[in-house]
Amino acid sequence: MSDDVVAVPEAARRASNCSDADYQALYDRSLNDSEAFWLEQARRIEWIKAPTVAGNWSFDDRVDIKWFEDGQLNACWNCVDRHAITTPDRLALIFEPDEPDAETRQITYAQMRADIARFGNALLAMGVERGDRVTIYMPMVPEAIYAMLACARIGAVHSVVFGGFSPEALRGRIEDCDSRFVITADAGRRGGRDIPLKANVDAALDGGAPVSGVMTVRVTGADVAMTEGRDRWYHEAVAAVDDDCPCVPMNAEDPLFILYTSGSTGKPKGVLHTTGGYMVWTALTFAYAFDHKEDDIFFCTADVGWITGHSYVAYGPLACGATQLIFEGVPNYPDESRFWAITEKHKVSILYTAPTAIRALMREGPEPVKKHDRSSLRILGTVGEPINPEAWRWYRNTVGNSRVPVVDTWWQTETGGIMLTTLPGAHDMKPGWAGLPMFGVRPLLVDNDGQRIEGTAEGNLCISRSWPGQARTVYGDHARFRQTYFSTYEGLYFTGDGARRDENGYYRITGRVDDVINVSGHRMGTAEIESALVLHDQVAEAAVVGFPHEVKGQGIYCYVTTNAGVDMTADLEAELRQHVRKEIGPVATPDHIHLTPALPKTRSGKIMRRILRKIAEGDTKSLGDTSTLADPGVVASLIENRRPA
Ligand code: WT7
């Protein structure tokens, strides 16, 4: 390997549960003796009825994916009750509040079991039945995790919506899956500010979505309106029930949750995960990617609103009986040393965060890091977007004192869990490269014609066979599931990412090859932002592209044409920025609105996005072939007026 390789640290190698030889043997078995391998791995989970078959899937025609299909289990039992029996006093959750002086909460498995059982009974009392969809719109407090697991306990299907989404976006997600129940909080706290979650729910439901029950957790004590007959307080509801709430036996292929994610076209898709395969996959990947040990304190900084917060906050760690820290706030409040202060205070041993946070903290220099003791750290992880080698090195050297392994884990909402990574005690690291496939994962690269490319190469990243944690469908729209993931390259799952492969089989993700952008680790469809923009009554047309952003990874650049007679002013730009925030949420706030009299189009009227991307990137020397442009003058004017000037 080239000299930019970082060797696996000796201490990590010695402590590891899995050597390189173990990995090789397991990986080979996972492909060559897949049935036996997966039935064995399924034992990580306690089944009510153990499965006798592992995979039964096809990526052709209908696209039909099943795992462990004759098994029965309950996800909440696996994350909570079984540990409450064997290790009742072990801490499940350590809650670190937004304000560092506010009280932390320490919750044992026994306590959590009782709390979640009461929550389950409160949901039943509200009328929630097995199979019902329940929307969860919560801040990062223990009750967010309780809510998810309480749904799983009674067989309801949760759909968590990130608290940074607007009432409009929330309403769309409630309506799409016919959710008649919402769990929320009076307000959330992030970085010293309140987020009016209950008020947002009220606004979302104002439009007439037929929701019959809203359960509100009191978190900040904010004043909120309660609608008679529909709304109830969590603390009152759980006081009225006991903590005896059976875990409902679910079939392995019964839905566990829906999570909305953006694609290159249309509105967000409700990605559906089922119970058995997802549980096996999150438990397995958590155990191996983080080399988990009983006394670890695991800190994943993701919000439950994203898949990372599902697989590596709510399900994976708890399925393994881990102790984890959850954090209500943000990395830079009250100051830039917060992550490191938390690490010291709670003796965090595994930290899992996103490149955007690492880059933002790197800008503050080493001081905020150095003033805290980080000797408890054993493993550092990153996820969500490509990490630039500079940020990788800062993470490892400054945060990790050049001592601990870094795992760069590549995966997606649709993959349910980690797909590519190095194993901390087994594999050398290569900054910027995610690494090797997880057990059962068969990645391959194809060119634009769908031809497989072997050896050292760059291409479109596909996966050729199913794995247990794979999404099964798009809620209510299986045709869209097939179309999105299985129609580009026949018989293959297409990830939407480009990747390179080196001589050792390591993969480096080069980024999305479709019209999806990744802003601070948040996935966004450019089409979604365009739709929001054209809803504004002064906008005629919009084209949105990403551009490289030092901290966010990618920023949002919007080209907008206005209706006849509208003045293109700075005020209008500001208004449009607000408009997008209102339609989608603060996560989608455009960095630049570029008002322009015209967009570059081909003679047949197609917007030339390639050129718009180049201009946004500031790479105007190499615009490529512009011969098909209907009006070349448009491009010159766009270059001249590029934002920021
Ligand atoms: C997209 C999936 C996986 C949980 C968070 C995001 C990008 C994710 C990495 C990584 C390079 C990465 C990909 C992927 N991505 N992890 N380690 N290196 N890129 O989940 O919202 O479904 O987004 O995030 O582009 O397709 P998501």
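The values are calculated or read from the model by the stated rules, or taken from the named source; none is laboratory data. This structure is a prediction, so every number in the text was calculated from the model and none was measured. Here the Cβ positions follow ideal geometry from the backbone for every residue, glycine too, while neighbour counts run over all protein chains shown. Areas reflect the complete protein model, heavy atoms only, side chains present, ligands, DNA and RNA absent. Shrake-Rupley method; radii C 1.70, N 1.55, O 1.52, S 1.80 Å.
List of remarks:
- Loop-located trypsin sites (Lys or Arg not before Pro) in the stretch 68-157 (DSSP state not H, G, I, E or B) with no more than 11 neighbouring Cβ atoms inside 10 Å do not occur.
- Here's the list of aspartates and glutamates a cross-link from K347 could span, going by alpha-carbon distance under 12 Å and ignoring same-chain residues fewer than 8 apart: D295, D296, D373.
- With all projection directions averaged, the alpha carbon convex hull of the stretch 520-641 covers 7.6 nm².
- Centre-to-centre, using Cα atoms only, the stretch 171-219 and the stretch 409-455 are separated by 37 Å.
- Lysine pairs in the stretch 520-641 with Cα atoms under 26 Å, if 8 or more residues apart or on separate chains: 7
- Cα-based equivalent ellipsoid, the stretch 357-417: semi-axes from gyration tensor eigenvalues, Å: 23, 14, 10
- FRET E, pair S375, Y333, Förster distance 30 Å, beta-carbon r, rounded to 0.05: 0.75
- With a Förster radius of 45 Å applied to the beta-carbon distance between E236 and N397, the computed FRET efficiency rounds to 0.30.
- For the chain: span of alpha carbons on each principal axis (Å, largest first): 72, 65, 57
- Taken over the Cα atoms of the stretch 58-194, the convex hull encloses 159 Å³ per residue.
- Taking R43, R452, R609 and ordering them by how much accessible surface each has at a 1.4 Å probe, largest first, produces R43, R452, R609.
- Here's how it looks for L595: its modeled amide H is under 5 Å from those of V560, which are all 5 or more places away or on a different chain.
- In plain terms, the C-alpha convex hull of the stretch 499-550 casts an average shadow of 4.8 nm² when viewed from every direction.
- Label-reachable residues, the stretch 600-620, where backbone N falls under 14 Å from a point 7 Å from D631's Cα toward its Cβ: 600-608
- Distance (nanometres) between label positions extended 7 Å along Cα→Cβ at A50 and V551: 5.3 nm
- Cα centroid of the stretch 259-325 to Cα centroid of the stretch 581-641, whole Å: 37 Å
- Under the simplified labelling scheme, the E454-D4 pair shows an inter-label distance of 2.7 nm, with each label point 7 Å from Cα along Cα→Cβ.
- Projected label distance in nm at R90 and D295, using a 7 Å step from Cα toward the beta-carbon: 1.4 nm
- Adding -39500 (n - 2.57) for every DSSP H run of four residues or longer, then dividing by how many residues the chain holds, sets the calculated 222 nm ellipticity at -8000 deg cm²/dmol.
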